[in-house]
Amino acid sequence: MGSSRVRVQIVDALNRPVGSARRCDMRRLRMWHRAVYIFVIDQQGRLCVQHRTPWKDIFPGYRDLCAGGVVDAGESMACAARRELQEELGLSLELNYCLKLYFEEGMNAFGSVFLTRYRNQPMTLQPSEVAGIEWLTLSEALAIEDATPDSHQALKVLVEQGFLS
């Protein structure tokens, strides 16, 4: 099914489920929805940073500091995080839930943030979404000017709250 036809979980401004909508309608109407953010850290403490493809619907060509995406209708945050990590990077790793965030400024998303450890497993990048990856230190990643704003904010909070120390 094309990503514009996927039905995503729609919530109210207090993060209570109120129905579902097609992804394209959710974006166009700026509906409140749920999203997951999965930060992948290697054994040297570096972060997996994705290069977004130029045809992504939002922030095309930017760099994403995490794997992640929108939660499908009826899907739990943990299931969405596992699905997104598998889809984008071809990884099935243990996820550690860290915190919740919300993003306004037109994004209107409630995000659940997860952390996982990468130990040199083979990766398979999703060609429709991920043009490539690079491994950066946390300070290098936080200094990226073309990072997606939500992944940058989520990483900043993870660091400030000591999840990555």
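If you average the C-alpha positions of region 113-160 and of region 9-62 separately, how far apart do those two centres end up, in angstrom? Using only Cα atoms to place each centre, the spacing works out to 13 Å. Whole-Hz Karplus values for region 18-23 come out as 10, x, 9, 8, 5, 3 Hz, taken residue by residue from phi with 6.51 cos²θ - 1.76 cosθ + 1.60 and θ = phi - 60°; glycine and proline positions read x. Full extension of the chain between H51 and R119 yields a length gain of 22.4 nm, computed as 0.36 nm times the residue separation minus the alpha carbon distance. Under a 5 Å amide H cut-off, with hydrogens placed 1.01 Å from N, V18 pairs with I10, V11, D12 among residues at least 5 apart or on other chains. For the chain, DSSP calls about 75 percent of its internal beta bridges antiparallel.
Under the combined filter of DSSP loop state and at most 10 neighbouring Cβ atoms within 10 Å, region 105-156 retains these GluC sites (Glu not before Pro): E105, E145. Put in order of Cβ neighbour count within 10 Å, fewest first, the listed residues R34, R52 become R52, R34.
By the Kirkwood approach, averaging reciprocal distances over each pair of separate Cα atoms, region 1-69 gets a hydrodynamic radius of 13.8 Å. Net length available on complete extension from V18 to V157 is 47.2 nm, with 0.36 nm assigned per residue and the Cα-Cα distance removed. Summary value for the chain: 26 percent relative contact order, contacts being C-alpha pairs under 8 angstrom separated by 6+ residues. Treating each Cα of the chain as one equal point scatterer and applying the Debye formula with no solvent, the log10 of I(q)/I(0) at q = 0.10, 0.11, 0.19 Å⁻¹ comes out as -0.33, -0.40, -1.30. Mean-square fluctuations from a GNM of the chain, with a 10 angstrom spring cutoff on Cα atoms, peak among V11, V40, V49 at V11. Placing +1 on each Lys and Arg Cβ and -1 on each Asp and Glu Cβ, with no other charges, gives the chain a dipole about its Cα centre of roughly 460 debye. In the elastic network of the chain, a GNM with C-alpha springs shorter than 10 Å, the most mobile of Q86, Q126, Q50 is Q126.
Every number in this text was worked out from the coordinates using simple rules, so none of it is lab data. Please read all numbers here as calculations on a predicted model, not as lab measurements. Counting neighbours? That spans all protein chains shown, and the Cβs are built from the backbone with ideal geometry, glycine included.
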